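Here's the structure we're looking at; comments come further down.
The values are calculated or read from the model by the stated rules, or taken from the named source; none is laboratory data. Bear in mind that the values here come from a model prediction, so they are computed numbers and not experimental data. Note that each Cβ is placed from the backbone with ideal geometry, even for glycine, and that neighbours are counted across all protein chains shown. With ligands, DNA and RNA removed, areas are computed over all heavy atoms of the protein, side chains included. Shrake-Rupley method; radii C 1.70, N 1.55, O 1.52, S 1.80 Å.
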Amino acid sequence: MSHTDSTLSMARRQLAIAAEYIDLDEGLLKALTVPKLQVIVNFPVVMDNGEVQVFQGFRVQHNASRGPTKGGLRYHPDVDLDETTALAMWMTWKCAVVNIPYGGAKGGVRVNTKRLSRRELEKMTRRFVTEITGIIGERSDIPAPDIGTDAQVMAWIMDTMSMHAGYTVPGVVTGKPIELGGSEGRVEATGRGVIVTTEEAAKKLNIDLSGAKVAIQGFGNVGSVAGYLVSDLGAKVVAVSNASGGIYNANGLPIRELCAKYSGLHGNIHDFKDCDEITNEELLELECDVLIPSAISQQIHGENADKIKAKLVVEGANGPTTPDADEILSDRGILVVPDILANAGGVVTSYFEWVQDLQNFFWEESEVNQRLSKIMRKAYAAVDQTMRKHKTDMRTAAMVIGVKRVADATVKRGIYP
Ligand code: NAD
(Lines give C-alpha, C1' and ligand atoms only; values in the text may rest on other atoms or scores of the structure.)
Protein backbone atom coordinates (compact mmCIF):
# COMPACT_ATOMS: atom_id res chain seq x y z
CA MET A 1 0.00 0.00 0.00
CA SER A 2 1.59 3.34 -1.01
CA HIS A 3 0.90 6.77 0.46
CA THR A 4 -1.06 7.66 -2.65
CA ASP A 5 -3.69 5.03 -1.80
CA SER A 6 -6.92 6.50 -0.51
CA THR A 7 -7.42 7.32 3.15
CA LEU A 8 -10.44 5.04 3.01
CA SER A 9 -8.41 1.99 1.96
CA MET A 10 -6.06 2.82 4.82
CA ALA A 11 -8.95 2.92 7.33
CA ARG A 12 -10.34 -0.34 5.95
CA ARG A 13 -6.97 -2.04 6.18
CA GLN A 14 -6.67 -0.97 9.83
CA LEU A 15 -10.13 -2.44 10.48
CA ALA A 16 -9.21 -5.72 8.77
CA ILE A 17 -6.05 -6.02 10.92
CA ALA A 18 -8.00 -5.43 14.15
CA ALA A 19 -10.79 -7.82 13.10
CA GLU A 20 -8.34 -10.74 13.07
CA TYR A 21 -7.51 -10.22 16.74
CA ILE A 22 -11.13 -10.37 17.86
CA ASP A 23 -12.37 -13.05 15.50
CA LEU A 24 -14.99 -10.70 14.15
CA ASP A 25 -17.93 -12.38 12.40
CA GLU A 26 -17.57 -11.94 8.62
CA GLY A 27 -21.01 -10.37 8.18
CA LEU A 28 -20.38 -7.93 10.98
CA LEU A 29 -17.02 -7.01 9.47
CA LYS A 30 -18.80 -6.28 6.18
CA ALA A 31 -21.28 -4.02 7.99
CA LEU A 32 -18.50 -2.14 9.79
CA THR A 33 -16.48 -1.68 6.59
CA VAL A 34 -19.17 0.53 5.04
CA PRO A 35 -20.84 3.71 6.33
CA LYS A 36 -24.52 3.69 7.24
CA LEU A 37 -25.19 6.97 5.38
CA GLN A 38 -23.33 9.12 2.83
CA VAL A 39 -24.69 12.41 1.55
CA ILE A 40 -23.29 14.73 -1.12
CA VAL A 41 -24.84 18.16 -1.59
CA ASN A 42 -24.08 20.74 -4.28
CA PHE A 43 -25.27 24.18 -3.34
CA PRO A 44 -24.99 27.75 -4.66
CA VAL A 45 -23.80 30.79 -2.72
CA VAL A 46 -23.94 34.41 -3.93
CA MET A 47 -20.43 35.77 -3.40
CA ASP A 48 -19.57 39.35 -2.40
CA ASN A 49 -19.04 40.34 -6.05
CA GLY A 50 -22.56 39.16 -6.96
CA GLU A 51 -21.40 36.00 -8.76
CA VAL A 52 -22.85 32.60 -7.89
CA GLN A 53 -20.37 29.93 -6.82
CA VAL A 54 -21.35 26.28 -6.39
CA PHE A 55 -19.84 24.34 -3.48
CA GLN A 56 -19.82 20.62 -2.78
CA GLY A 57 -20.42 19.38 0.76
CA PHE A 58 -20.49 15.96 2.43
CA ARG A 59 -21.85 14.31 5.54
CA VAL A 60 -21.14 10.69 6.35
CA GLN A 61 -22.43 8.68 9.30
CA HIS A 62 -20.48 5.49 9.80
CA ASN A 63 -22.11 3.62 12.68
CA ALA A 64 -24.71 4.50 15.31
CA SER A 65 -24.78 1.33 17.42
CA ARG A 66 -23.43 3.04 20.54
CA GLY A 67 -25.37 6.32 20.26
CA PRO A 68 -25.88 9.38 18.09
CA THR A 69 -23.13 9.95 15.53
CA LYS A 70 -20.51 12.57 16.21
CA GLY A 71 -17.78 14.09 14.10
CA GLY A 72 -16.15 17.26 12.84
CA LEU A 73 -16.78 19.42 9.81
CA ARG A 74 -13.76 20.09 7.62
CA TYR A 75 -13.41 23.02 5.21
CA HIS A 76 -10.47 22.17 2.95
CA PRO A 77 -9.85 22.01 -0.82
CA ASP A 78 -9.07 18.24 -0.65
CA VAL A 79 -12.29 17.16 1.11
CA ASP A 80 -13.97 14.29 -0.74
CA LEU A 81 -16.39 11.45 -0.08
CA ASP A 82 -13.75 8.76 0.48
CA GLU A 83 -11.73 10.78 2.96
CA THR A 84 -14.87 11.90 4.80
CA THR A 85 -15.94 8.26 5.05
CA ALA A 86 -12.54 7.21 6.45
CA LEU A 87 -12.69 10.03 9.00
CA ALA A 88 -16.23 8.96 10.00
CA MET A 89 -14.99 5.38 10.55
CA TRP A 90 -12.15 6.61 12.74
CA MET A 91 -14.65 8.62 14.78
CA THR A 92 -16.62 5.42 15.48
CA TRP A 93 -13.55 3.66 16.87
CA LYS A 94 -12.34 6.78 18.69
CA CYS A 95 -15.60 7.26 20.61
CA ALA A 96 -15.53 3.58 21.54
CA VAL A 97 -11.86 3.63 22.66
CA VAL A 98 -12.59 6.41 25.15
CA ASN A 99 -15.95 4.78 25.88
CA ILE A 100 -18.31 7.68 25.25
CA PRO A 101 -21.82 6.90 23.95
CA TYR A 102 -21.47 8.01 20.34
CA GLY A 103 -21.04 6.54 16.89
CA GLY A 104 -18.85 8.14 14.24
CA ALA A 105 -19.57 10.74 11.56
CA LYS A 106 -17.71 13.37 9.59
CA GLY A 107 -18.53 16.13 7.14
CA GLY A 108 -16.98 18.85 5.12
CA VAL A 109 -17.01 21.25 2.23
CA ARG A 110 -14.45 21.39 -0.59
CA VAL A 111 -13.29 24.95 -0.19
CA ASN A 112 -10.23 27.07 0.40
CA THR A 113 -11.43 29.28 3.26
CA LYS A 114 -8.56 31.69 2.68
CA ARG A 115 -10.33 32.75 -0.55
CA LEU A 116 -13.61 33.57 1.24
CA SER A 117 -14.59 36.76 3.05
CA ARG A 118 -16.11 36.29 6.49
CA ARG A 119 -19.54 37.03 5.06
CA GLU A 120 -19.08 34.44 2.31
CA LEU A 121 -17.91 31.89 4.90
CA GLU A 122 -21.04 32.53 6.96
CA LYS A 123 -23.38 32.28 3.96
CA MET A 124 -21.70 29.08 2.75
CA THR A 125 -21.97 27.55 6.23
CA ARG A 126 -25.64 28.46 6.68
CA ARG A 127 -26.58 27.13 3.24
CA PHE A 128 -24.61 23.89 3.74
CA VAL A 129 -26.29 23.32 7.10
CA THR A 130 -29.70 23.97 5.54
CA GLU A 131 -28.92 21.33 2.89
CA ILE A 132 -28.15 18.72 5.59
CA THR A 133 -30.80 19.83 8.12
CA GLY A 134 -32.62 16.50 8.12
CA ILE A 135 -29.42 14.58 8.79
CA ILE A 136 -27.76 16.41 11.68
CA GLY A 137 -29.53 16.97 14.99
CA GLU A 138 -28.89 16.99 18.74
CA ARG A 139 -30.21 13.41 19.12
CA SER A 140 -28.96 12.05 15.80
CA ASP A 141 -25.70 13.52 14.48
CA ILE A 142 -23.68 16.27 16.11
CA PRO A 143 -20.93 18.14 14.20
CA ALA A 144 -17.87 19.84 15.74
CA PRO A 145 -14.85 21.84 14.50
CA ASP A 146 -12.11 20.30 12.36
CA ILE A 147 -9.61 21.69 9.83
CA GLY A 148 -10.78 25.09 8.59
CA THR A 149 -13.72 25.46 10.98
CA ASP A 150 -13.84 27.04 14.43
CA ALA A 151 -16.19 28.16 17.22
CA GLN A 152 -17.68 30.92 15.05
CA VAL A 153 -18.60 28.44 12.32
CA MET A 154 -20.23 26.26 15.01
CA ALA A 155 -22.19 29.30 16.24
CA TRP A 156 -23.60 29.87 12.72
CA ILE A 157 -24.57 26.20 12.51
CA MET A 158 -26.31 26.31 15.87
CA ASP A 159 -28.13 29.52 14.91
CA THR A 160 -29.22 28.16 11.52
CA MET A 161 -30.56 24.92 13.06
CA SER A 162 -32.30 26.93 15.81
CA MET A 163 -33.94 29.25 13.24
CA HIS A 164 -35.34 26.21 11.43
CA ALA A 165 -36.54 24.61 14.68
CA GLY A 166 -38.11 27.81 16.00
CA TYR A 167 -36.27 27.55 19.31
CA THR A 168 -32.66 27.41 20.47
CA VAL A 169 -31.00 24.02 20.00
CA PRO A 170 -27.52 24.33 21.55
CA GLY A 171 -26.86 20.56 21.58
CA VAL A 172 -26.89 20.28 17.77
CA VAL A 173 -23.23 21.15 17.53
CA THR A 174 -20.23 21.24 19.87
CA GLY A 175 -17.16 23.45 19.97
CA LYS A 176 -19.45 26.51 20.21
CA PRO A 177 -18.50 29.80 21.86
CA ILE A 178 -19.02 29.66 25.65
CA GLU A 179 -21.77 32.33 25.40
CA LEU A 180 -23.88 29.96 23.27
CA GLY A 181 -23.63 26.84 25.39
CA GLY A 182 -20.04 25.92 24.58
CA SER A 183 -18.00 24.16 27.21
CA GLU A 184 -15.13 25.56 29.17
CA GLY A 185 -11.99 23.78 28.00
CA ARG A 186 -13.34 22.67 24.59
CA VAL A 187 -11.03 24.86 22.48
CA GLU A 188 -7.99 23.37 24.20
CA ALA A 189 -9.37 19.84 24.63
CA THR A 190 -7.84 18.04 21.65
CA GLY A 191 -4.36 19.48 22.24
CA ARG A 192 -4.74 18.81 25.98
CA GLY A 193 -5.62 15.17 25.33
CA VAL A 194 -2.65 14.89 22.95
CA ILE A 195 -0.34 16.06 25.72
CA VAL A 196 -1.93 13.81 28.38
CA THR A 197 -1.20 10.81 26.14
CA THR A 198 2.28 12.20 25.37
CA GLU A 199 2.95 12.31 29.12
CA GLU A 200 1.76 8.72 29.58
CA ALA A 201 3.84 7.45 26.65
CA ALA A 202 6.92 9.43 27.74
CA LYS A 203 6.68 7.78 31.18
CA LYS A 204 6.68 4.33 29.58
CA LEU A 205 9.62 5.20 27.32
CA ASN A 206 11.57 7.00 30.07
CA ILE A 207 11.60 10.24 28.11
CA ASP A 208 11.88 13.24 30.41
CA LEU A 209 9.58 15.80 28.81
CA SER A 210 11.33 18.62 30.60
CA GLY A 211 14.01 19.55 28.07
CA ALA A 212 12.74 17.08 25.44
CA LYS A 213 12.74 18.31 21.83
CA VAL A 214 9.33 18.34 20.18
CA ALA A 215 8.43 18.96 16.52
CA ILE A 216 4.83 19.75 15.58
CA GLN A 217 3.40 19.60 12.08
CA GLY A 218 0.34 21.86 11.74
CA PHE A 219 -0.09 24.91 13.91
CA GLY A 220 -3.85 25.22 13.98
CA ASN A 221 -6.11 24.43 16.93
CA VAL A 222 -4.57 21.07 17.81
CA GLY A 223 -0.92 21.82 17.04
CA SER A 224 -0.78 25.20 18.76
CA VAL A 225 -2.46 24.03 21.99
CA ALA A 226 -0.34 20.86 22.10
CA GLY A 227 2.67 23.15 21.56
CA TYR A 228 2.09 25.46 24.48
CA LEU A 229 0.94 22.71 26.83
CA VAL A 230 4.06 20.63 26.16
CA SER A 231 6.28 23.69 26.50
CA ASP A 232 4.56 24.36 29.86
CA LEU A 233 5.97 20.93 30.88
CA GLY A 234 9.46 22.19 30.06
CA ALA A 235 9.79 20.71 26.57
CA LYS A 236 11.46 22.66 23.75
CA VAL A 237 9.22 22.96 20.71
CA VAL A 238 11.87 23.22 18.00
CA ALA A 239 9.60 23.34 14.95
CA VAL A 240 6.03 24.05 13.92
CA SER A 241 4.44 24.35 10.46
CA ASN A 242 1.40 25.21 8.44
CA ALA A 243 0.30 24.33 4.90
CA SER A 244 3.04 26.50 3.39
CA GLY A 245 5.96 25.05 5.38
CA GLY A 246 7.63 25.11 8.76
CA ILE A 247 9.83 27.22 11.01
CA TYR A 248 12.69 25.80 13.07
CA ASN A 249 14.89 26.90 15.94
CA ALA A 250 17.08 24.27 17.64
CA ASN A 251 16.91 26.22 20.92
CA GLY A 252 13.12 26.15 20.97
CA LEU A 253 10.48 28.51 19.58
CA PRO A 254 8.57 30.98 21.81
CA ILE A 255 5.34 29.04 21.51
CA ARG A 256 3.02 31.31 23.51
CA GLU A 257 4.18 34.33 21.48
CA LEU A 258 3.70 32.40 18.24
CA CYS A 259 0.20 31.41 19.33
CA ALA A 260 -0.75 34.93 20.34
CA LYS A 261 0.54 36.56 17.17
CA TYR A 262 0.60 34.03 14.36
CA SER A 263 -1.86 31.14 14.87
CA GLY A 264 -5.56 30.88 14.04
CA LEU A 265 -7.29 30.48 10.71
CA HIS A 266 -5.76 33.64 9.24
CA GLY A 267 -2.45 33.90 11.15
CA ASN A 268 0.88 33.17 9.48
CA ILE A 269 3.81 31.72 11.45
CA HIS A 270 6.15 32.65 8.59
CA ASP A 271 5.95 36.27 9.75
CA PHE A 272 8.08 35.19 12.75
CA LYS A 273 11.73 36.01 12.11
CA ASP A 274 13.95 34.35 14.76
CA CYS A 275 14.03 30.93 13.04
CA ASP A 276 14.95 29.01 9.87
CA GLU A 277 12.40 28.10 7.24
CA ILE A 278 11.99 24.35 6.63
CA THR A 279 9.61 22.26 4.57
CA ASN A 280 6.91 20.06 6.09
CA GLU A 281 8.88 17.01 4.91
CA GLU A 282 12.02 18.25 6.70
CA LEU A 283 10.04 18.91 9.88
CA LEU A 284 8.91 15.29 10.04
CA GLU A 285 12.50 14.07 9.74
CA LEU A 286 14.01 16.41 12.35
CA GLU A 287 16.24 15.24 15.18
CA CYS A 288 13.76 15.30 18.10
CA ASP A 289 12.31 13.18 20.91
CA VAL A 290 8.62 13.64 20.16
CA LEU A 291 6.93 14.26 16.82
CA ILE A 292 3.32 15.46 16.87
CA PRO A 293 1.76 15.45 13.39
CA SER A 294 -1.27 17.75 13.75
CA ALA A 295 -2.25 18.65 10.20
CA ILE A 296 -3.58 16.24 7.58
CA SER A 297 -3.51 12.52 6.76
CA GLN A 298 -0.79 10.31 5.19
CA GLN A 299 2.18 12.48 6.13
CA ILE A 300 4.33 9.61 7.44
CA HIS A 301 4.38 6.90 4.79
CA GLY A 302 6.41 4.05 3.34
CA GLU A 303 8.93 6.40 1.76
CA ASN A 304 9.82 8.57 4.75
CA ALA A 305 9.12 6.34 7.79
CA ASP A 306 12.72 5.13 7.90
CA LYS A 307 13.89 8.75 8.16
CA ILE A 308 11.81 9.65 11.22
CA LYS A 309 14.17 10.30 14.13
CA ALA A 310 11.68 10.87 16.96
CA LYS A 311 11.37 8.15 19.61
CA LEU A 312 7.70 8.86 20.06
CA VAL A 313 5.05 9.93 17.53
CA VAL A 314 1.77 11.23 18.95
CA GLU A 315 -0.95 11.65 16.34
CA GLY A 316 -2.75 14.96 16.84
CA ALA A 317 -4.06 14.69 13.27
CA ASN A 318 -6.37 12.00 11.96
CA GLY A 319 -4.62 9.40 9.84
CA PRO A 320 -1.15 11.00 9.57
CA THR A 321 0.60 7.57 9.44
CA THR A 322 -0.08 4.98 6.73
CA PRO A 323 -0.18 1.24 7.53
CA ASP A 324 3.16 0.77 5.68
CA ALA A 325 4.75 3.42 7.86
CA ASP A 326 3.21 1.83 10.97
CA GLU A 327 5.08 -1.37 10.21
CA ILE A 328 8.39 0.41 9.59
CA LEU A 329 8.10 2.56 12.73
CA SER A 330 7.12 -0.44 14.83
CA ASP A 331 10.12 -2.44 13.51
CA ARG A 332 12.36 0.52 14.37
CA GLY A 333 11.02 0.62 17.94
CA ILE A 334 9.32 4.00 17.52
CA LEU A 335 6.10 4.16 19.54
CA VAL A 336 3.10 5.67 17.72
CA VAL A 337 0.23 6.81 19.93
CA PRO A 338 -2.61 6.45 17.40
CA ASP A 339 -5.06 9.19 16.45
CA ILE A 340 -8.12 7.34 17.77
CA LEU A 341 -6.56 7.57 21.24
CA ALA A 342 -4.21 10.58 21.09
CA ASN A 343 -6.62 13.14 19.66
CA ALA A 344 -9.79 11.83 21.36
CA GLY A 345 -9.70 14.68 23.88
CA GLY A 346 -11.71 16.85 21.48
CA VAL A 347 -14.63 14.46 21.22
CA VAL A 348 -14.52 13.70 24.96
CA THR A 349 -14.97 17.38 25.81
CA SER A 350 -17.50 17.72 22.99
CA TYR A 351 -19.42 14.99 24.80
CA PHE A 352 -19.17 17.02 28.03
CA GLU A 353 -20.44 20.07 26.13
CA TRP A 354 -23.41 18.12 24.75
CA VAL A 355 -24.27 16.72 28.21
CA GLN A 356 -24.12 20.24 29.66
CA ASP A 357 -26.31 21.61 26.83
CA LEU A 358 -28.94 18.88 27.28
CA GLN A 359 -29.05 19.56 31.01
CA ASN A 360 -28.63 23.35 30.81
CA PHE A 361 -26.15 22.99 33.62
CA PHE A 362 -22.57 24.12 33.09
CA TRP A 363 -19.33 23.00 34.70
CA GLU A 364 -16.18 24.84 35.80
CA GLU A 365 -13.12 24.54 33.54
CA SER A 366 -11.18 22.67 36.24
CA GLU A 367 -13.92 20.01 36.38
CA VAL A 368 -13.93 19.62 32.58
CA ASN A 369 -10.13 19.26 32.42
CA GLN A 370 -10.05 16.85 35.35
CA ARG A 371 -12.70 14.59 33.84
CA LEU A 372 -10.95 14.76 30.45
CA SER A 373 -7.60 13.81 31.91
CA LYS A 374 -9.16 10.90 33.82
CA ILE A 375 -10.84 9.47 30.70
CA MET A 376 -7.70 9.89 28.57
CA ARG A 377 -5.41 8.24 31.13
CA LYS A 378 -7.84 5.35 31.64
CA ALA A 379 -8.12 4.82 27.87
CA TYR A 380 -4.33 5.01 27.52
CA ALA A 381 -3.86 2.37 30.23
CA ALA A 382 -6.41 0.03 28.59
CA VAL A 383 -4.76 0.38 25.17
CA ASP A 384 -1.30 -0.13 26.67
CA GLN A 385 -2.51 -3.29 28.42
CA THR A 386 -4.12 -4.64 25.22
CA MET A 387 -0.93 -3.85 23.29
CA ARG A 388 1.09 -5.94 25.73
CA LYS A 389 -1.49 -8.75 25.79
CA HIS A 390 -1.54 -9.12 22.00
CA LYS A 391 2.13 -8.14 21.52
CA THR A 392 1.10 -5.69 18.84
CA ASP A 393 1.47 -2.00 18.02
CA MET A 394 -0.58 0.62 19.80
CA ARG A 395 -2.88 1.40 16.85
CA THR A 396 -3.94 -2.22 16.50
CA ALA A 397 -4.49 -2.39 20.27
CA ALA A 398 -6.70 0.73 20.21
CA MET A 399 -8.58 -0.60 17.19
CA VAL A 400 -9.11 -3.95 18.92
CA ILE A 401 -10.76 -2.18 21.87
CA GLY A 402 -12.79 0.19 19.70
CA VAL A 403 -13.98 -2.35 17.14
CA LYS A 404 -14.86 -4.89 19.83
CA ARG A 405 -17.00 -2.39 21.75
CA VAL A 406 -18.86 -1.41 18.56
CA ALA A 407 -19.30 -5.06 17.50
CA ASP A 408 -20.58 -6.02 20.97
CA ALA A 409 -23.10 -3.16 20.93
CA THR A 410 -24.29 -4.16 17.45
CA VAL A 411 -24.72 -7.81 18.47
CA LYS A 412 -26.53 -6.92 21.72
CA ARG A 413 -28.91 -4.56 19.93
CA GLY A 414 -29.49 -7.16 17.21
CA ILE A 415 -29.79 -6.40 13.51
CA TYR A 416 -33.15 -4.72 12.90
CA PRO A 417 -35.72 -6.03 12.05
P1 NAD B 1 -6.84 23.75 11.95
O2 NAD B 1 -7.51 24.16 10.69
O3 NAD B 1 -7.03 24.58 13.16
O4 NAD B 1 -5.27 23.60 11.68
C5 NAD B 1 -4.76 22.79 10.65
C6 NAD B 1 -3.29 23.09 10.49
O7 NAD B 1 -2.77 22.21 9.49
C8 NAD B 1 -3.01 24.52 10.00
O9 NAD B 1 -1.81 24.99 10.58
C10 NAD B 1 -2.84 24.32 8.49
O11 NAD B 1 -2.05 25.34 7.89
C12 NAD B 1 -2.12 22.98 8.50
N13 NAD B 1 -2.19 22.32 7.19
C14 NAD B 1 -3.26 22.25 6.35
N15 NAD B 1 -2.88 21.58 5.23
C16 NAD B 1 -1.58 21.21 5.40
C17 NAD B 1 -0.64 20.51 4.61
N18 NAD B 1 -0.96 20.09 3.38
N19 NAD B 1 0.60 20.30 5.13
C20 NAD B 1 0.94 20.77 6.35
N21 NAD B 1 0.09 21.46 7.14
C22 NAD B 1 -1.16 21.66 6.65
O23 NAD B 1 -7.28 22.24 12.21
P24 NAD B 1 -7.25 21.43 13.58
O25 NAD B 1 -8.59 21.48 14.17
O26 NAD B 1 -6.06 21.83 14.36
O27 NAD B 1 -7.06 19.94 13.03
C28 NAD B 1 -5.77 19.42 12.74
C29 NAD B 1 -5.85 17.91 12.67
O30 NAD B 1 -6.33 17.42 13.92
C31 NAD B 1 -6.78 17.35 11.62
O32 NAD B 1 -6.27 16.14 11.10
C33 NAD B 1 -8.06 17.08 12.41
O34 NAD B 1 -8.87 16.10 11.80
C35 NAD B 1 -7.46 16.61 13.71
N36 NAD B 1 -8.37 16.72 14.85
C37 NAD B 1 -8.88 17.92 15.23
C38 NAD B 1 -9.71 17.99 16.34
C39 NAD B 1 -10.27 19.30 16.86
O40 NAD B 1 -10.91 19.29 17.91
N41 NAD B 1 -10.04 20.41 16.21
C42 NAD B 1 -10.03 16.82 17.06
C43 NAD B 1 -9.47 15.62 16.66
C44 NAD B 1 -8.63 15.58 15.56
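Table for the structure above
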| item | result |
| --- | --- |
| Theoretical ellipticity at 222 nm over the chain - DSSP helices of four or more residues, -39500 (n - 2.57) apiece, nearest 500 | -14500 deg cm²/dmol |
| Normalised contact order of the chain, rounded percent, pairs of Cα under 8 Å and 6 or more residues apart | 17 |
| Alpha carbon centroid spacing (whole Å) that separates the range 380-416 from the range 18-88 | 22 |
| Global size of the chain as Cα Rg and Dmax, reported in angstrom | 20.2, 64 |
| Counted charge near Val173, where neighbours are those whose Cβ lies closer than 15 Å (Asp, Glu -1; Lys, Arg +1) | -1 |
| Equivalent ellipsoid semi-axes - Cα gyration tensor, the range 333-396, angstrom | 30, 10, 9 |
| Rough spin-label spacing in nm, given labels placed 7 Å along Cα→Cβ, for Lys204 and Leu233 | 1.4 |
| Net length gained if the chain between His390 and Val411 were fully extended (0.36 nm per residue, minus Cα distance) | 5.2 nm |
| Protection-proxy order for peptides 350-358, 249-257, each taking the mean of Cβ atoms within 10 Å per residue, highest first | 350-358, 249-257 |
| If the convex hull is drawn through the Cα atoms of the range 188-304, its volume per residue in Å³ | 100 |
| Semi-axis lengths, Å, the range 266-417, gyration tensor of Cα atoms, sqrt of 5 times eigenvalues | 31, 24, 14 |
| Given charges at beta-carbon only (K, R positive; D, E negative), |dipole| of the range 288-417 in Debye | 600 |
| Hydrodynamic radius (Kirkwood) for the range 134-232, which is based on Cα pairs only, to one decimal in Å | 15.3 |
| With every protein chain in place, the range 7-72: carbon and sulfur % of accessible area (1.4 Å) | 50 |
| Mean Cβ count within 10 Å, highest first, over the residues of peptides 105-111, 281-287 | 105-111, 281-287 |
| Mean Cα-pair separation over length for the range 13-124, i.e. relative contact order, pairs under 8 Å, 6 or more apart, % | 27 |
| For the range 293-368, size of Cβ-based charge dipole, Lys and Arg +1, Asp and Glu -1, in debye | 360 |
| Glu327-Asp78 FRET efficiency (beta carbon distance; Förster radius 22 Å; 0.05 resolution) | 0.30 |
| Value of Rg/Rh across the range 321-370 [Cα atoms, Kirkwood radius] | 1.27 |
| Heavy-atom accessible area per residue - the chain, 1.4 Å, Å² | 41 |
| GluC sites (Glu not before Pro) lying in DSSP loop within the range 300-334, provided at most 15 other Cβ fall within 10 Å | Glu303 |
| FRET efficiency, Arg110 to Glu281 (Cβ-Cβ, R0 22 Å, nearest 0.05) | 0.35 |
| Rounded to 5, the percent of DSSP beta bridges in the chain classed as antiparallel | 50 |
| Simple Cβ-charge dipole of the chain, Lys/Arg +1 and Asp/Glu -1, about Cα centre, in debye nearest 20 | 1080 |
| Over the range 1-54: Kirkwood hydrodynamic radius from C-alpha pairwise inverse distances, Å | 14.6 |
| P(r) histogram, all alpha-carbon pairs of the range 58-200 included - 10 Å bins from 0, percent | 12, 42, 38, 8, 0 |
| Hydrodynamic radius of the range 1-125 per Kirkwood, over alpha carbon pairs, in Å | 15.8 |
| Kyte-Doolittle at least -0.5, axis length at least 15 Å by Cα - qualifying DSSP helices, the chain | 7-22, 81-97, 151-165, 186-205, 221-232, 345-359, 394-413 |
| Rg ratio (alpha-carbon, reference 2.2 N^0.38 Å) - the range 188-234 | 1.06 |
| Qualifying trypsin sites (Lys or Arg not before Pro) in the range 323-417, DSSP loop, other Cβ atoms within 10 Å at most 14 | Arg332, Lys391 |
| Equivalent-ellipsoid semi-axes of the range 33-96, from the Cα gyration tensor, Å, largest first | 29, 10, 10 |
